[in-house]
Amino acid sequence: MDKELVILGAGESGTGAALLAKAKGMKVFVSDCGTIKSDFREEMKQAGIEFESGQHSEERILNAQEIVKSPGIPEHSPLIRKIRKQNIPVISEIEFAGRHSNAKTIGITGSNGKTTTAMWTYHLMKKGGLDVVLAGNVGTSLARQLLKGDPEFFVIELSSFQLEGMYDFKCNTAVITNITPDHLDRYDHRFEKYADAKFRILNNHDEKSVFVFNAHDREIMTRLKKMKYPGHRCPFAYDNIYGEGACLDKDKIVVNTPRQHFTFPVSELALAGKHNLSNAMAATLAALSAGTPVGAVKEGLNDFSGVEHRLENVEEVNGALYINDSKATNTDSAWFALESMERPVIWIAGGTDKGNDYASLEELAVQKVKALICLGVDNSKLVSFFKGKIPQIIETSSMKEAVRRAWKMAEPEDVVLLSPACASFDLFENFEHRGRQFKEEVYKLKKGYE
């Protein structure tokens, strides 16, 4: 049998990689042990791509020339172990797609804020008239975007899973928003292995590269002190950064790079909250590294519309504000959400625990949360930790039940906050599905009051 490119997993990244490989004249086979979405199946059929679902044909896979692995497949899966024993190269869709692009890239990763930062960076660059396309973990694979053409710039959101399979791919500008414990179930519950994956975003950096990073992040700063980074360091911080980067000076953001020096009033930022100050500074430095004009940056900092499922105001119902923060899939994200709340909170949380330590949320929860509504198949860890610390704790097993229980106890000026601190896979397809269900249930409540 002729050697071929094998793609494991037929989600967005796998299907995108298969379509790009076919367009480049490669022999490609796609294997997914689960169910392939109908849209992806139809795309591969139309392109004449051979694929299988519900199984893995191991003999064929183990004869591959190279394998593109879905970011959702862990290294410890039995099939991947067999592939490694055969010494077959295993790469990510990002690594594969990057071979077919001449674009300059801005890669953005982090435990929290990477989607907002990526979309905000793209918004600023687009405002500045740059030829830029958004890709990666934010929704559309890099491979699929390349089917439409190769722009001058790509802004790419990168998860730790995607970074695991990157070797020769280079981000001209790399952004790490922060590194806090997340996905530890994937990394043998070892934080250093998760951080190692994040730092792969600096692969192949040289003296012309740019690294934008959070100067308040302990893990980032500890690692930087131990390494010789060859490029331009651009930190962002809430206090003086003494040199190139961005910082906060009372009521304004101060930006200082070799080519630009300007300030921007915090009061004019499109998004509120301390975490969004960090996102704004990171996006600004990333966009400036690509040559975005200062005027466009200032305009884009003011009129960015935000990210769905991230502290998204949904509706006010009977005086209570309902906020969708379904993208908060870890405790750090939930911390930022609770920290930004200025009204009494009815907190909807729970889902698939990824090795969470809820201790970081305790102080804020005691101060701000009047009731905790647990939403998940197994809420025992959440209930056990917050029992006796939050006045009222309720367990629910559906979004409809959770929203209805919140509505019954909500008073005018309360906030009903969906900020789960957990993954969504016990009751929902993903965090988007969870967020959409929350909004649908809130809209039903709103309709009942009109």
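The values are calculated or read from the model by the stated rules, or taken from the named source; none is laboratory data. Just so you know, these numbers come straight off a predicted model, no measurement behind them. Here the Cβ positions follow ideal geometry from the backbone for every residue, glycine too, while neighbour counts run over all protein chains shown. Surface accessibility is based on the protein's heavy atoms, side chains included, excluding ligands, DNA and RNA. Shrake-Rupley method; radii C 1.70, N 1.55, O 1.52, S 1.80 Å.
Before moving on, here are some points about what is shown:
- Förster radius 22 Å - calculated FRET efficiency between N318 and F425, Cβ distance, rounded to 0.05: 0.10
- Measuring how big region 1-151 is from its alpha-carbon positions, Rg and Dmax come out at 16.2, 51 Å.
- Where GluC sites (Glu not before Pro) fall in DSSP loop in region 196-260, at most 15 other Cβ within 10 Å: E207, E244
- For region 312-384, a Kirkwood radius taken over Cα pairs fed into Stokes-Einstein (25 °C, viscosity 0.890 mPa s) yields D = 190 µm²/s.
- In this label model, Q46 and Q260 are separated by 3.9 nm, measuring between points 7 Å along each Cα→Cβ vector.
- Taking each residue as 0.36 nm, the span from D131 to E401 lengthens on full extension beyond its C-alpha to C-alpha distance by 92.6 nm.
- Given their separation in residues at 0.36 nm each and the Cα-Cα distance between them, A359 and Y443 gain 26.9 nm when the chain is fully extended.
- Region 54-209 - percent relative contact order, Cα under 8 Å, separation 6 or more: 26 percent
- Local charge for V297 was computed over the other residues whose Cβ lies under 13 Å away, with Lys and Arg +1 and Asp and Glu -1, and equals +1.
- Extending 7 Å from Cα along the Cβ direction at E432 and again at M227 yields two label points whose distance is 3.1 nm.
- Evaluated at q = 0.11, 0.17, 0.19, 0.20 Å⁻¹: base-10 log I(q)/I(0), Debye formula over Cα of region 347-450: -0.32, -0.76, -0.94, -1.04
- Each Lys and Arg adds +1 at its Cβ and each Asp and Glu adds -1 at its Cβ; summed about the Cα centre, region 319-450 shows a dipole of about 400 debye.
- Nearest-20 debye value, region 244-372 charge dipole, Cβ charges on Lys, Arg, Asp, Glu: 220 debye
- Model label points for Q392 and Y167, set 7 angstrom from Cα along the Cα-to-Cβ axis, are 5.7 nm apart.
- Region 354-400 and region 131-206 have their alpha-carbon centroids 32 Å apart.
- Residues of type lysines that K85 reaches as a straight line, Cα spacing below 20 Å, ignoring anything fewer than 8 places off in the same chain: K3, K69
- Relative contact order for region 1-141, counting Cα pairs under 8 Å that sit 6 or more residues apart, in percent: 24 percent
- Size-normalised alpha-carbon gyration radius of the chain, reference 2.2 N^0.38 Å: 1.00
- Using the alpha carbons alone, the radius of gyration of region 111-182 stands to its Kirkwood radius in an Rg to Rh ratio of 0.95.
- Plainly put, region 171-282 has a radius of gyration that is 1.00 times its Kirkwood radius, both from alpha-carbon atoms, as the Rg/Rh ratio.
- Efficiency of FRET between R60 and D251 - r from beta-carbon atoms, R0 45 angstrom, step 0.05: 0.15
- Among 120-130, 17-27, sorting by the average number of other beta carbon atoms lying within 10 angstrom of each residue, highest first, gives 120-130, 17-27.
- Area of V294 that stays accessible when all protein chains are in place (1.4 Å probe, Å², to 10): 40 Å²
- DSSP finds beta bridges in the chain, and of those with both partners inside it, around 20 percent are antiparallel.
- By the Stokes-Einstein formula, at 1.306 mPa s and 10 °C, region 1-41 with its Kirkwood radius over alpha-carbon pairs has D equal to 152 µm²/s.
- Value at 222 nm in deg cm²/dmol, rounded to 500, when DSSP H runs of n ≥ 4 in the chain each add -39,500 (n - 2.57): -11000 deg cm²/dmol
- Relative contact order for the chain, counting Cα pairs under 8 Å that sit 6 or more residues apart, in percent: 12 percent
- A Cβ-based charge dipole, computed about the Cα centre of the chain with Lys and Arg at +1 and Asp and Glu at -1, lands at about 600 debye.
- Here the extension length gained between K24 and K208 equals 63.2 nm, from 0.36 nm per residue of separation less the Cα-Cα distance.
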